[in-house]
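**Q** This is the structure I have questions about; it appears just below.
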Amino acid sequence: MASGEAHGAAGRVTMFHVNHQAGAEIHHVDPFATPAGQRSPARRLRGRLASPVTLWTAPGPAGLTVSSTLVAEGEPDRLLGLVDPEADLWAAAEEAGRFAVAVLGPAHRQLADRFAGLFPSPGGLFALDEWVDTPYGPVPADAGGWVGCRLDNSRECGWALLVEATVEVVELPGVAERAEPLLHHRGRYRTLAG
């Protein structure tokens, strides 16, 4: 759970966010986090690997924040990722046979939390922000680039689904060359330093 409520003085509601942001909070750490001594060694190792934060979308529309994405160059170029097999995104991508993957930046923290199910989305996941419709799924208008993929294969991999796809379209706007990525490291969003 990423957010909770507490009623403070004068009935104000104070929110707690797992990904620390400036503002009021009721805890300086995640009160729902598994104690360090009880975490699996593999999960602890994964937390030490900085991962790019991406948004996967499919026609429908459906979407999911994914931080396990890898691009393999070749003929053809391929994209691999680990997704939740029970996510709406997976059902929509499997039905359409295609999906889009957008690179998120520091300004997309709230969007990433929304599509991860950690932040409220009144009106639906796609109600806020500006979107560009593509045959692969909607992508944020200010994304640091996106790829359109054809779904090739999937299989169980741990508790996730390993998705393999062929890259069919790559869109890198001119600003994408200078765009800073949003990273996920040790349970928090990070940006590049230096």
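**Q** May I ask you to list the residues in region 72-81 that are farther than 14 Å from Phe99 by Cβ and surrounded by 11 or more Cβ atoms within 10 Å (Cβ to Cβ)?
**A** Correct list: Ala72, Pro76, Asp77.
**Q** Would a scan of region 171-182 turn up a residue that is surrounded by 19 or more Cβ atoms within 10 Å (Cβ to Cβ) and either without any contact (Cβ under 8 Å) to a residue 60 or more places away in the chain or touching a Phe, Trp or Tyr at 6+ places or on another chain (Cβ under 7 Å) (or both)?
**A** Scanning region 171-182 turns up at least one residue that is surrounded by 19 or more Cβ atoms within 10 Å (Cβ to Cβ) and either without any contact (Cβ under 8 Å) to a residue 60 or more places away in the chain or touching a Phe, Trp or Tyr at 6+ places or on another chain (Cβ under 7 Å) (or both).
**Q** When you look at Glu168, is it open to solvent by less than 60 Å² (accessible area, probe 1.4 Å), within 20 Å of Val71 (Cβ to Cβ) and not β-branched (Val, Ile, Thr), yes or no?
**A** Against the criterion (open to solvent by less than 60 Å² (accessible area, probe 1.4 Å), within 20 Å of Val71 (Cβ to Cβ) and not β-branched (Val, Ile, Thr)), Glu168 does not qualify.
**Q** Kindly indicate the residue of region 93-142 that is assigned to a helix (DSSP H, G or I) and closer than 26 Å to Thr166 by Cβ and also most open to solvent (accessible area, probe 1.4 Å) among those meeting that condition.
**A** Ranking the qualifying residues of region 93-142, first place goes to Glu95.
**Q** For region 52-68, name all the residues that are open to solvent by 20 Å² or more (accessible area, probe 1.4 Å) and either among the hydroxyl-bearing types (Ser, Thr, Tyr) or part of a loop (DSSP other than H, G, I, E, B) (or both).
**A** Hits for region 52-68 are Pro59, Gly60, Pro61, Thr65, Ser67, Ser68.
**Q** Identify the single condition in (1) of a type in the set (Asp, Glu); (2) at pLDDT 95 or above; (3) over 18 Å from the mean Cα position of the chain (by Cα) that Glu164 does not satisfy, given that it satisfies every other one.
**A** So Glu164 meets the others, but not (3).
**Q** Kindly indicate which of Cys149, Cys157 is touching a residue at least 12 places away in the same chain (Cβ under 8 Å), open to solvent by 50 Å² or more (accessible area, probe 1.4 Å) and over 12 Å from the mean Cα position of the chain (by Cα).
**A** Cys157
**Q** Go through region 183-194 and count every residue that is in a loop (DSSP other than H, G, I, E, B) and open to solvent by less than 90 Å² (accessible area, probe 1.4 Å). Break it down into steps so the answer makes sense when it comes.
**A** Here is the first cut: in region 183-194, the ones in a loop (DSSP other than H, G, I, E, B) are 186-187, 191-194.
Checking which are open to solvent by less than 90 Å² (accessible area, probe 1.4 Å) leaves us with 187, 191.
Residues flagged as in a loop (DSSP other than H, G, I, E, B) and open to solvent by less than 90 Å² (accessible area, probe 1.4 Å) within region 183-194 amount to 2.
The values are calculated or read from the model by the stated rules, or taken from the named source; none is laboratory data. As the structure is a prediction and not an experimental result, all values here were calculated from the model. Every residue, glycine among them, receives a Cβ derived from its backbone with ideal geometry; neighbour counts consider all protein chains shown. Ligands, DNA and RNA are stripped out before the accessible areas are found, and what is left, the full protein with its side chains, is counted by its heavy atoms. Shrake-Rupley method; radii C 1.70, N 1.55, O 1.52, S 1.80 Å.
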